[in-house]
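Colleague: Below: one structure in structure tokens.
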Amino acid sequence: MYHMTDIYDRIDGYREPVIELQRNLTAKVALGPLNGGTGEHEKMDLISHLLRDLEPDMIQEIRAPDDRAQDGYRPNLVAKWQGAEQGSAVWVLAHADIVPPGNLSLWQSDPYRIKVDGDRIIGRGVEDNQHGFVSAYLALKAIKDSGASLKRSVGLIVVADEETGSRYGLCHILKHHGDLFRPEDLIIVPDAGNEDGTMIEIAEKSMLWLKFTVKGRQCHASTPQKGKNSLVGAAQLILALAALKEKFASSNPLFSPPVSTFEPTKFLANVSNINTIPGKEVFFADCRILPEHDLNEIIETAGNIVSKVAAETGLEIEMETDHRHDAPSPTMADAPVVAALQTAVRTVTGREAKPMGIGGGTVAAFFREKGLPAAVWSTCPDTAHQPNEYCLISQVITDTKVFATIYQGDLSG
Ligand SMILES: [Zn+2]
């Protein structure tokens, strides 16, 4: 018989293994072709060795063909450990790829050589997404090393291409190996979170980027009657588009803000001088729509507003969809994965974690699109993509305990 406290004690001593893993992972630069790299091969080799050290019952490399990458493919890894009990498996997905460091002058140290400063480990990728991998991995290691038998079946998935669209990562796996996952499994994506680990992301808003082109007639500013001022038209249109907020005003407490948002953002430069009446404007709006709304309905309503303003002003106005992502159905707030995370967080930290929605765009959406309830969770300072990205060793250790608790959790609950 084992006690969870033995496993927790073991994990409390994991400062050095956390640093060591972070050091080695950070040194293997994993940039996708769109980020100026050749892929995740070297880092995946290291991860493959790490996974094999824990003697998985199954380990599989899944290669997604990609001509731009080294050897013509992008590597993905899936490993699974059989649990002692029947029932739903736990899957934890982390991504191997990173984003480039950006302007190096903003870094206080080499992004690919970690710097340890007290509780802090600084380096590109240490949070996004090595924190997730390291904690899910060390949780398994702690259980194995303690001699306890693993209760649930646990799968670790390490994917390529998360930062540049997931086509060669999770999308490829779901398309060709979707039968690995069952809807009753607990799928956790530790790729976003908050400082105290109380945010469980289960839903996201749809994203809709609209482009508006307003065409008038350019002329000298002293004779406005000879032209049609496109800037005035664009201003009118921006104000008129506020009607979208009123029409699609429903509220959903999972989200902050709890409503759909329709924000005019980028505005292209028009004339370069003050004494010319502009004849053409181009601007964009970034709309984040609650998942209960149909984007087609939003587009239709925006189109009607455009027609109305065009008729009123005598300007020609075009609207195009620059980009759209329709949010999949959310993971339910009472899904087993949410309950398992809440119980484990409560056990380890005493805090109450809450299911929430975000403005858009996590890799978990691809699971949800396939009807697989997935939750995004971690305890992190949220420094992803920043210069001097860091993670806190204490938070990695907390998350390791949370994962160990879930792996050994009560399968009936
Ligand atoms: Zn990430």
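All of the numbers you see were taken from the coordinates with simple rules; none came from a lab. These numbers were taken from a predicted model, which means no experiment stands behind them. Here the Cβ is made from the backbone with ideal geometry for all residues, glycine too, and neighbour counts use every protein chain on show.
Colleague: Sort out for me the Cα centre separation of the stretch 334-367 from the stretch 233-253, rounded to whole Å.
Modeller: A separation of 32 Å, based on Cα centres.
Colleague: Relative contact order of the stretch 278-377, please, whole-number percent, based on alpha carbon pairs below 8 angstrom and at least 6 residues apart.
Modeller: 26 percent
Colleague: Let me ask something else about it. For the chain, give me the percentage of DSSP beta bridges that are antiparallel, rounded to the nearest 5 percent.
Modeller: Antiparallel: roughly 75 percent of the beta bridges in the chain.
Colleague: Let's test the formula: R0 of 45 Å, r as the Cβ-Cβ distance of residue 271 and residue 108. What FRET efficiency results, to the nearest 0.05?
Modeller: 0.55
Colleague: In the Gaussian network model of the chain, springs joining C-alpha atoms below 10 Å, which of 362, 321, 26 carries the largest mean-square fluctuation?
Modeller: 321
Colleague: Using a basic spin-label model with each label point 7 Å from the Cα along Cα→Cβ, how many nm lie between residue 308 and residue 85?
Modeller: Spacing of the two 7 Å Cα→Cβ label points: 5.8 nm.
Colleague: Moving on to the next point. Just want to confirm a number: the relative contact order over the chain, from Cα pairs under 8 angstrom separated by 6+ residues, in percent.
Modeller: 24 percent
Colleague: In what sequence do 209, 91 fall when counting other Cβ within 10 Å, fewest first?
Modeller: Placing the least packed residue first, the sequence is 209, 91.
Colleague: Could I ask something else about it? Taking only the alpha-carbon positions of the chain and ignoring solvent, what does the Debye formula give for the base-10 log of I(q)/I(0) at q = 0.08, 0.11 Å⁻¹?
Modeller: Treating every Cα as an identical point scatterer, log10 I(q)/I(0) equals -0.51, -0.85.
Colleague: Could you work out the relative contact order of the stretch 206-325? I mean the mean sequence separation of Cα pairs under 8 Å and 6+ apart, divided by the number of residues, in percent.
Modeller: 45 percent
Colleague: Going 7 Å from the Cα of residue 115 toward and past its Cβ, which residues in the stretch 14-43 have a backbone nitrogen under 20 Å from where you end up?
Modeller: Backbone N within reach: 19-29.
Colleague: Report, in degrees rounded to the nearest 10, the 0 to 90 angle that the Cα long axis of helix 41-53 makes with the longest principal axis of the chain.
Modeller: 30 degrees
Colleague: For the pair residue 12 and residue 61, what calculated FRET efficiency results from E = 1/(1 + (r/R0)^6), where r is the Cβ-Cβ distance and R0 = 25 Å, to the nearest 0.05?
Modeller: 0.15
Colleague: Also: Any idea how far the Cα center of the stretch 1-80 sits from the one of the stretch 270-299, in Å?
Modeller: Between the Cα centres of the stretch 1-80 and the stretch 270-299 lies a distance of 43 Å.
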